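Here's the structure, in structure tokens; my notes come after.
Nothing in this text is a laboratory measurement; each read-out follows from the coordinates by a stated rule. Note that this is a predicted model, so its numbers are computed, not measured. As a convention, Cβ positions derive from the backbone with ideal geometry for all residues, glycine included, and neighbour counts pool all protein chains shown.
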Amino acid sequence: EAGNLADQMDIKLYIVGGFPRDLLLERVNLDLDLVVEGDGVEFARRFAQKLKGELDIYHEFGTAVLSLENNLKVDIASTRVEYYSEVASLPEVESGSIQQDLFRRDFSINALAIQLNSSSFGQLVDYFNGKNDLEAGIIRLLHNFSLYDDPTRIFRGLRFASRYGFKFEPRTKELIRQAVDLDVIEKLSNNRLFNKLELGLKDRYPIKFINLLQEENILNYISKNISWDESKESLANNIKKVLRWLDELKVSFNFDEWILYLMVLISGVEEEDVKEFNKRFNLKNNISYRLLNTLDVDNIITKLDKVESNSEVYYLLEGLAIEDIVLILIKDFSLREKVRLYLEELRWIDIKISGDDIIEFGIQPGPLFTEILKAIKKAKLDDKINSYE
Ligand code: CTP
């Protein structure tokens, strides 16, 4: 449909970026970026009308986002050239040819386009050897200033390298090293920097991604205090195993896996430095508490290893988030029986006795109350009484 409309309007239409890349790699990608050689916004208007979709137009950038059924979104833009006047600033934009539009992009594998006009539907547009690089597994920057224009491309490069198992072309590797050495990463705001880390940890191979951050001396820019070595890598390698184990339990949990990688990365950092990290990146409570709790985990492991009774297990784990508990198992999987007992059973034990019941026994309200309730709960946890209705 898009191709027909483009033909009618006598403009050239392409799909670019992640979609053609992943198509050639035979992977699914539902990120649809269309570019039009000509007036992208006008095309977007007519296309939206035709498909009865909802359109948001961003006039300042000459782009539009079309929302269709099933949450499908299509980005539509005009082919353009970008000029960066300063490092990491927003570019000035001017219209240009498809070739110029592809050249302003980051890597050759992302600079492929597929024509959508009906007359030449499906034709690959490949000015920079992207197809070859995809086949050879190579990540190649298109121009020497790319990383100064946009330092986040360093993180994108590492993300693609880890995701697809690709290698950097030697010149590209050198450009990354130079840019890092010239502190371009410091040009990024803390927000963006953390977001790039997060994207990498959410990608398919987070451990590989962290390894690359380490190899390229980038971890330092995220925090001077975090270290990454073989022992941490092997901890991170336990994450999948623990998650598979957790999956087989009779309880299900909702949490973000990437936070576990962040917890392993930060573990071993001093309390002051964890606090500084949380503050610097302005991390939300659910993340910052997890990072702070990594400080206690070794201590809990030592105790959990020693305790024998159910109530002791309960009081050690009570109040921890599931991520904290997973971290315990990442570090010591031999504790899994106690953890299983807690997650499947102890956690749910509740006493059905109230303050009123105690008053009926002739005891006046006061500190004794809590003591009594606690003692009953402990007894119940330890299975000393079967039920107390
Ligand atoms: N792009 C770029 N420089 C950036 C971000 C994006 O050159 N800093 C270009 C690339 O050509 C990229 C396209 O814009 O392919 C679309 O970007 P985006 O959708 O963010 O990324 P994808 O390449 O689709 O990557 P992912 O699969 O991780 O979404």
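Some points to look at:
- When each of L13, L90, L5, L34 is tested for being within 16 Å of the ligand (Cβ to nearest atom) and under 21 Å from G122 (Cβ atoms), the lone residue that passes is L34.
- Residue match in segment 350-357 (condition: of a type outside the set (G, A, S), surrounded by 13 or more Cβ atoms within 10 Å (Cβ to Cβ), in contact with a helix residue (DSSP H, G or I) (Cβ under 8 Å, 6 or more places away or on another chain) and in a helix (DSSP H, G or I)): no
- Within segment 118-133, tally of residues that are farther than 26 Å from E1 by Cα, away from the ligand (no atom under 14 Å from the Cβ) and outside any loop (DSSP other than H, G, I, E, B): 2
- One residue stands out in segment 93-117 among those that are within 12 Å of the ligand (Cβ to nearest atom) and within 27 Å of K50 (Cβ to Cβ): the one that is surrounded by the fewest Cβ atoms within 10 Å (Cβ to Cβ), namely D101.
- Qualifying positions in segment 71-92 - farther than 26 Å from K173 by Cβ and exposed (fewer than 13 other Cβ atoms within 10 Å of the Cβ): N71, L72, Y83, S85, L90, E92
- Qualifying helices (runs of 4 or more DSSP H) (wholly inside segment 278-340; at least 2 residues being among the charged types (D, E, K, R)): 297-306, 322-331
- Taking segment 185-200 as the range and being assigned to a helix (DSSP H, G or I) and either away from the ligand (no atom under 13 Å from the Cβ) or among the acidic types (D, E) (or both) as the test, the residues that pass are I185, E186, K187, N190, N191, L193, F194, L197, E198.
- If the condition is being over 19 Å from the mean Cα position of the chain (by Cα) and among the hydroxyl-bearing types (S, T, Y), then segment 223-254 contributes S227, S231, S234, S252.
- Unmet criterion (only one of (1) closer than 30 Å to A179 by Cα; (2) surrounded by fewer than 19 Cβ atoms within 10 Å (Cβ to Cβ); (3) in contact (Cβ under 8 Å) with a residue 60 or more places away in the chain; (4) more than 12 Å from the ligand (Cβ to nearest atom)) for L25: (4)
- If you go through segment 76-110 and keep only what is in contact (Cβ under 8 Å) with a residue 24 or more places away in the chain, part of a strand (DSSP E or B) and among the aromatic types (F, W, Y), you end up with just F107.
- Options K331, K279, K306: the member that is surrounded by fewer than 20 Cβ atoms within 10 Å (Cβ to Cβ), without any contact (Cβ under 8 Å) to a residue 12 or more places away in the chain and closer than 26 Å to E198 by Cα: K279
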